[in-house]
Amino acid sequence: MQYFTSVNDVENLDALVALARAAKQNPYDANHLGKNKTLGLIFMNPSLRTRLSTQKAALNLGMQVMVMNVDKDGWALELEDGAVMNGTTVEHIKDAAAAMGQYCDILGLRAFPLLKNREQDYSEHLLRKFIAHCKIPVVSLESATLHPLQSLADLITIRENWPHARRPKVVLTWAPHIKALPQAVPNSFAEWMCRADVDFTIAHPEGLELAEQFTAGARILHDQHEALEGADFIYVKNWSSYRDYGQPYAGAAEWLLNAAKIAHTADAKIMHCLPVRRNVELSDELLDGPQSLILQQADNRTYAAQAVLQRMLEAITK
Ligand code: CP
């Protein structure tokens with residue numbers, strides 16, 4: 001594996017999940033692979049789980065890790081080719097990414113969308129330029145449109161909690177929020193669930209449709225109650241409008257998930273990628289209750305990253 005930016009970079013989903021679950025059982029089994037190899041983690045935006053779990057994964061594999069908060073500690077980056085850089089930007093992405101590629105064997109990049117220009121965000125122009133210029137393997141730590149490490153951890157968590165033969169019913173339900181959030185987590189979750197062996201439904205208020213390229217194959221409902229009926233897993237997430245790009249959805253507090261709303265599910269497990277605004281997106285009673293999988297998801301971030309880094313190291317050392 002050279003790039004991990006979406007589910008389309010994964011040849012065999014089941015094999016990658018199995019590798020992650022094996023790493024969880026024996027985290028240091030492959031720690032020879034990372035000897036004298038360096039992972040660089042580049043953040044344009046804040047992070048807790050991605051930063052710590054990916055570092056831990058790399059350390060489990062015997063790698064060295066360097067972390068840089070480009071938004072705070074780096075030069076202001078220029079993205080436009082041919083720009084006359086006589087304004088606020090100090091360094092072109094082509095020079096910055098190329099230099100980073102000299103210091104590392106694998107690079108991770110977190111770069112959120114600006115939520116102003118849909119075409120630009122959905123073209124992943126920053127990630128694509130970074131990949132083009134660093135010239136080494138790249139793992140997405142969440143891009144403008146997708147968060148594949150989160151989705152892999154979510155799939156591992158679903159598999160761990162599903163011993164039955166029948167396909168689980170998985171529901172992604174929109175949640176209220178006070179800010180306009182990116183669509184990366186729900187896009188990515190939808191993309192992965194549409195590839196996995198699950199019965200997948202998305203529930204959201206009208207007007208909050210996600211980009212069809214990520215939801216093809218999903219059942220889409222605007223009635224949360226109907227969507228949750230018989231659910232085995234409920235993934236709760238806010239996102240801003242794709243159609244009215246980047247606009248927050250005002251109100252809709254009635255979409256907050258609480259215990260009363262899941263009474264007619266199949267004792268559904270509750271999932272959220274974190275960070276979560278408690279009692280705005282999801283109630284305390286569900287987050288802290290016995291059906292909550294949020295900490296297991298966070299734990300599985302390490303083994304998702306470890307499986308991906310292991311595949312990249314195997315490709316480098318082949
Ligand atoms: N879920 C997730 O990516 O968390 P962070 O933003 O804290 O990394």
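General remarks:
- Taking the conditions (1) within 16 Å of the ligand (Cβ to nearest atom); (2) open to solvent by 20 Å² or more (accessible area, probe 1.4 Å) in turn, P186 satisfies each one other than (2).
- Residue match in the range 38-45 (condition: assigned by TED's automatic domain parsing to the domain that holds R311, open to solvent by less than 50 Å² (accessible area, probe 1.4 Å) and more than 16 Å from the ligand (Cβ to nearest atom)): yes
- Enumeration of residues in the range 46-74 that are more than 16 Å from the ligand (Cβ to nearest atom), open to solvent by less than 30 Å² (accessible area, probe 1.4 Å) and farther than 19 Å from A315 by Cα: G74
- Any chance G34 is away from the ligand (no atom under 16 Å from the Cβ), over 23 Å from the mean Cα position of the chain (by Cα) and open to solvent by less than 10 Å² (accessible area, probe 1.4 Å): yes
- In this structure, N8 does satisfy being touching an Asp or Glu at 6+ places or on another chain (Cβ under 9 Å), among the polar types (S, T, N, Q) and open to solvent by 50 Å² or more (accessible area, probe 1.4 Å).
- Candidates are the residues of the range 249-286 that are within 16 Å of the ligand (Cβ to nearest atom) and open to solvent by 10 Å² or more (accessible area, probe 1.4 Å); the one that is nearest to the chain's Cα centre (by Cα) is C273.
- Residue in the range 200-230 that is least open to solvent (accessible area, probe 1.4 Å), counting only those that are without any contact (Cβ under 8 Å) to a residue 60 or more places away in the chain, among the small types (G, A, S) and more than 18 Å from S240 (Cβ to Cβ): A227
- Within the range 287-318, if we keep just the residues that are within 15 Å of V10 (Cβ to Cβ) and small (G, A, S), the residue that is most open to solvent (accessible area, probe 1.4 Å) turns out to be A315.
- Some residue of the range 22-39 being aromatic (F, W, Y), in contact with a helix residue (DSSP H, G or I) (Cβ under 7 Å, 6 or more places away or on another chain) and part of a loop (DSSP other than H, G, I, E, B): yes
The values are calculated or read from the model by the stated rules, or taken from the named source; none is laboratory data. Keep in mind it's a predicted model, so treat the numbers as computed, not measured. As a convention, Cβ positions derive from the backbone with ideal geometry for all residues, glycine included, and neighbour counts pool all protein chains shown. What goes into the accessible areas is simple: the full protein's heavy atoms, side chains included, and nothing from ligands, DNA or RNA. Shrake-Rupley method; radii C 1.70, N 1.55, O 1.52, S 1.80 Å.
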